[in-house]
Amino acid sequence: MDQVSPAGGEGLKRYMAILTGDKDTYQFYIISLFLSCLYTIFLFPIGFIGNILILVVNLNHRDKMTIPDLYFVNLAIADLILVADSLIEVFNLNESYYDIAILCTFMSLFLQVNMYSSIFFLTWMSFDRYVALASTVSSSPLRTMEHAKLSCSLIWGASILATLLPFTIVQTQHRGEVNFCFANVFEIQWLEVTIGFLVPFSVIGLCYSLIVRILMRAQKHRGLWPRRQKALRMIVVVVLVFFICWLPENVFISIQLLQGTANPLQRSGTTLWHDYPLTGHIVNLAAFSNSCLNPIIYSFLGETFRDKLRLFVKRKASWSVLYRLCDHTQDLNYTFITDVAFNSAIKKTFL
């Protein structure tokens, strides 16, 4: 995500333009504010509550957690962090939050780690689904819970490494620059588009082309086709939604990078986010929307999760009824004991 602006007063300039009545800037501000409010009202609650619900339901059924469930739990953690951070980003219309270089760099690092983890988990889930379908034996040695946990740890480690290693190198090169922001380094943006979008989706495309071949063979056996079709439906939709949501931003960044390649002087000039702020704001909202939509896809298309959610709600309801019943029984017992004690005292007094 490169919606972070260069540090050094760009936010103040835009804010002054709004105050002085610049028509184009004012129009951008009103439309962007309207879109941000729509996102906050309709998508943010779904993403925030939905990802928390995925974590709570799955963690309450640890004994029934499958390998895909483990991957979705980790994906929900990354999405939840992105959704929580999105409230700052979508209302950063005058970009004043990032006039401070330290804040600009910190937010960029924070976003990149979780962005990389999301796409890496989706890529690995596609590979895992291919292995699951290609294996004729359900207990494949490649698909064990121990290997899945190790994979999750490696994915988080790779996400952190893909962010911190370039940051360390670039920070050393720009040491002493007061207004330097990690987000706007030309090489970092190329790295984000390459390993954060192009390479993962090439792997995903390869996995799904192989999966299609397997499904075409399974279609001959009508007993296997419906079961495998249901197993694939959720992960296919998740990947497609991720692609649709993140493609506009990566195209936007790529155009900026190609312009910088053709004319190196533009690298230190204004970015596309400053030249086309409304378009930049829309692609940022689309990127954040992915983390809000994943819980909906998971809930409606995942039969395993729906069953767990149903059981979780029943347990909570039964616990509530049981609590009220116990509380009512306790009151009755207390009343009974009090009456007995009172009657006993009367007998001792008058008899």
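Just want the ordering: TRP273, TRP190, TRP156, from fewest to most Cβ atoms lying within 10 Å of their own Cβ. Mind showing how you got there, number by number?
Details: TRP273 23, TRP190 15, TRP156 18.
Taking fewest neighbouring Cβ atoms as first place, the list is TRP190, TRP156, TRP273.
Compared with the direct C-alpha span, the chain from LEU154 to ILE244 gains 29.8 nm at full extension, assuming 0.36 nm per residue. Couplings 3J(HN,Hα) of region 112-117, computed from phi: 5, 4, 6, 5, 4, 4 Hz, in residue order, whole Hz [Karplus 6.51 cos²θ - 1.76 cosθ + 1.60, θ = phi - 60°; x for Gly and Pro]. Counting every other Cβ atom within 10 Å of each residue's Cβ, VAL73, VAL56 order from fewest to most as VAL56, VAL73. Here the spin labels are modelled as points 7 Å beyond Cα on the Cα-Cβ line, and at VAL212 and VAL131 they lie 2.4 nm apart. Modelled spin-label separation between TYR26 and SER254, with each label point placed 7 Å from Cα along the Cα-to-Cβ direction: 3.9 nm.
Give, in nm to one decimal, the length gained when the segment between LEU165 and ARG310 is fully stretched (0.36 nm per residue of separation minus the Cα-Cα distance). Present the calculation step by step, with values, prior to reporting the outcome.
Working: separation 145, 0.36 × 145 = 52.20 nm, distance 4.38 nm.
In short, 47.8 nm is gained.
A Förster distance of 25 Å, applied to the separation of the beta-carbon atoms of LEU55 and VAL199, puts the FRET efficiency at 0.30. Mark the label point 7 Å from the Cα of TYR276 along Cα→Cβ and return the residues of region 231-255 whose backbone N is within less than 16 Å of it. Under cut-off, by backbone N: 246-255. Per-residue extension of 0.36 nm, minus the Cα-Cα distance of ARG62 and LEU33, leaves a gain of 6.3 nm for this segment.
Values in this text are rule-based calculations from the coordinates and carry no lab data. Keep in mind the model is a prediction, meaning the values are calculated, not measured. With ideal geometry, Cβ positions are generated from the backbone for all residues, glycine too; neighbour counts draw on all protein chains shown.
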